[in-house]
Amino acid sequence: MYQVIRMYGAMEPWWFLDDWKEDITKVLEFDNYHEALQCYQKEWAKLRRRYSDFNSHGDIMTAFWNKQDQHWCEECGDYVQRYHSLALLTDWQETPSSWFRPTFTKQNDTPFRSKCFIKQKNEQGQN
C-alpha cells in the first residue's frame, strides 16, 4: 500500500520525528505505486503554485514554505519555520531506494534553522 500524505508543521517530512504523524493533514492511499506517483506529482504542482520556496528530495518528499509562515517558540526563544510538506510513502515508511527519483531532487531556497530544530534533531540522535 502506498500513501501520498500532506503535512503542516515545524519539520520537513524526511525527519520522521516521533510525533510526525500528528502533522498529517491529508492522506491518499493507493495499491499501485505509479498511481501514487502520479498523485504526488499533481499535489506537488498545486503546492508549488501556492508556496514560494521548496526543497524536494529524490526520496519523493518535499517541503514547501513561505518565509513569513513562522511561529514563536517559548521553549527555545526563537521563531520556527512552518512547512507544507508532501511525501510518498510505502506502508507508512520511507519509499524503498529502488523507487527513488533522483530527478526530483531540487530546491530554490534553504529554510531558516531554529534552535528548536537543532534541539529536536539531537534529542532523537539524527545528526
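Tabulated data
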{"item": "Subset of the stretch 9-53 [touching a Lys or Arg at 6+ places or on another chain (Cβ under 9 Å), among the hydroxyl-bearing types (Ser, Thr, Tyr) and within 12 Å of Ser85 (Cβ to Cβ)]", "result": "Thr25"}
{"item": "In the stretch 47-67, the residues that are more than 20 Å from Gln93 (Cα to Cα), of a type outside the set (D, E, K, R) and under 13 Å from the mean Cα position of the chain (by Cα)", "result": "Leu47, Phe54, Phe64, Trp65"}
{"item": "Tally of residues being surrounded by 17 or more Cβ atoms within 10 Å (Cβ to Cβ) and of a type in the set (S, T, N, Q) across the stretch 1-51", "result": "1"}
{"item": "Selection count where residues are among the hydroxyl-bearing types (Ser, Thr, Tyr) and exposed (fewer than 15 other Cβ atoms within 10 Å of the Cβ), scope the stretch 74-95", "result": "1"}
{"item": "Residue in the stretch 61-73 that is farther than 11 Å from Leu86 by Cα and buried (at least 19 other Cβ atoms within 10 Å of the Cβ) present", "result": "yes"}
{"item": "Count of residues meeting criterion [in contact (Cβ under 8 Å) with a residue 60 or more places away in the chain and closer than 17 Å to Phe64 by Cα] in the stretch 15-47", "result": "3"}
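Bear in mind that the values in this text are calculations on the coordinates, not laboratory data. Predicted, not measured: the structure shown is a model, and the values here were computed from it. Because the Cβ atoms are built from the backbone with ideal geometry, glycine has one as well, and the counts that use them run over all protein chains shown.
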